[in-house]
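The values are calculated or read from the model by the stated rules, or taken from the named source; none is laboratory data. All values reported here derive from a predicted model rather than from experimental measurement. In this analysis, Cβ positions are derived from the backbone assuming ideal geometry, glycine residues included, and neighbour counts consider all displayed protein chains.
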Amino acid sequence: AQSVSQHNHHVILSEAASLELGCNYSYGGTVNLFWYVQYPGQHLQLLLKYFSGDPLVKGIKGFEAEFIKSKFSFNLRKPSVQWSDTAEYFCAVNAPPGGYQKVTFGTGTKLQVIP
Amino acid sequence: NAGVTQTPKFRVLKTGQSMTLLCAQDMNHEYMYWYRQDPGMGLRLIHYSVGEGTTAKGEVPDGYNVSRLKKQNFLLGLESAAPSQTSVYFCASDGEGGFAGELFFGEGSRLTVL
């Protein structure tokens with residue numbers, strides 16, 4: 001079955017610092033990859049997604065992610081974080097073993113940005 | 001346009017009691033999902049549905065039942081609640097079964113089983 005690993009469980013950064021959150025997935029074939037964000041007290045919402053094409057994907061609020069097939073990775077980046085980026089970030093994947101209708105989520109990374 | 005609406009938002013149950021969580025979406029989506037979110041475990045898929053009248057098991061289906069009698073509604077039932085089912089439950093819908101990639105989530109239902 002497909003799986004997703006997020007190795008950073010809790011990250012604390014100062015405002016203006018750069019961010020990189022790791023995400024690795026287990027399936028070796030064609031995958032669709034996503035990053036979702038959950039702001040405090042809110043529901044999850046899509047940050048960005050990768051299906052095919054340019055491996056560098058740009059999302060909302062200045063976030064981007066790079067798909068590196070050889071490393072089975074889809075890391076999330078932002079050059080300069082803001083206090084409002086404090087949230088929990090989830091990497092997710094869907095792929096044929098699970099069926100494209102099933103999205104598997106990682107365990108999440110809590111980001112705390114200190115003003 | 002409400003999107004995905006979950007009721008109730010909070011509920012406290014005693015062990016052995018039953019309850020139903022209702023998810024309603026107004027986007028005419030075919031695919032609907034129930035996830036549970038627990039600290040350190042992310043979101044885990046309980047059950048899902050690829051259309052009216054169909055349901056399927058996810059990763060953690062034990063202790064839960066679901067029904068999709070109407071396209072817009074997806075019900076999650078707990079027949080005999082257990083403390084291990086204390087969690088935050090999220091419903092989501094998707095118009096294209098993962099190909100579009102965007103799951104639309106409800107605001108969550110926090111369930112505590114004593």
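Quick notes on this one:
- Long-range neighbours under 6 Å by Cβ, at least six apart or interchain, first residue without any contact (Cβ under 8 Å) to a residue 40 or more places away in the chain within region B:24-35, second of a type in the set (Phe, Trp, Tyr) and assigned to a strand (DSSP E or B): none
This table checks each residue for (1) farther than 20 Å from A:LYS102 by Cα; (2) surrounded by 17 or more Cβ atoms within 10 Å (Cβ to Cβ); (3) touching a Cys at 6+ places or on another chain (Cβ under 6 Å).
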residue	(1), (2), (3)
B:ALA2	yes, no, no
B:PRO8	yes, no, no
B:GLN17	yes, no, no
B:ASN28	no, no, no
B:TYR33	no, yes, no
B:THR55	no, yes, no
B:PHE74	no, yes, yes
B:THR86	yes, no, no
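- Region A:80-100, residues that are within 15 Å of the chain's Cα centre (by Cα) and either surrounded by fewer than 19 Cβ atoms within 10 Å (Cβ to Cβ) or acidic (Asp, Glu) (or both): A:ASP85, A:THR86, A:GLU88
- Counted residues, region B:36-45 - those being without any contact (Cβ under 8 Å) to a residue 40 or more places away in the chain and more than 7 Å from chain A (Cβ to nearest Cβ): 2
- First in region A:7-22 and under 12 Å from A:PRO79 (Cβ atoms) and touching a residue at least 24 places away in the same chain (Cβ under 8 Å), second anywhere and of a type in the set (Gly, Ala, Ser) and surrounded by 11 or more Cβ atoms within 10 Å (Cβ to Cβ), Cβ under 6 Å, 6 or more apart: A:ALA16/A:SER80
- The residues of region B:62-91 that are within 14 Å of another protein chain (Cβ to nearest Cβ) and assigned to a loop (DSSP other than H, G, I, E, B) amount to a single one, B:ARG68.
- Filtered residues of region A:53-79 (kept if part of a loop (DSSP other than H, G, I, E, B) and in contact (Cβ under 8 Å) with a residue 24 or more places away in the chain): A:GLY59, A:PHE63, A:PHE72, A:PRO79
- Scoring B:GLU59 on the criteria (1) outside any loop (DSSP other than H, G, I, E, B); (2) within 14 Å of another protein chain (Cβ to nearest Cβ); (3) surrounded by fewer than 17 Cβ atoms within 10 Å (Cβ to Cβ) leaves a single failure, condition (1).
- Every test in (1) under 16 Å from A:HIS43 (Cα atoms); (2) within 14 Å of another protein chain (Cβ to nearest Cβ); (3) within 11 Å of the chain's Cα centre (by Cα) is passed by B:ASP94 save one, and that test is (3).
- Filter result (more than 11 Å from every other protein chain (Cβ to nearest Cβ), part of a loop (DSSP other than H, G, I, E, B) and modelled with pLDDT of 90 or more) within region A:24-52: A:TYR39, A:PRO40
- The single condition among (1) loosely packed, with under 12 Cβ neighbours inside 10 Å; (2) in contact with a Lys or Arg (Cβ under 6 Å, 6 or more places away or on another chain); (3) not small (Gly, Ala, Ser) that A:PHE63 does not meet is (1).
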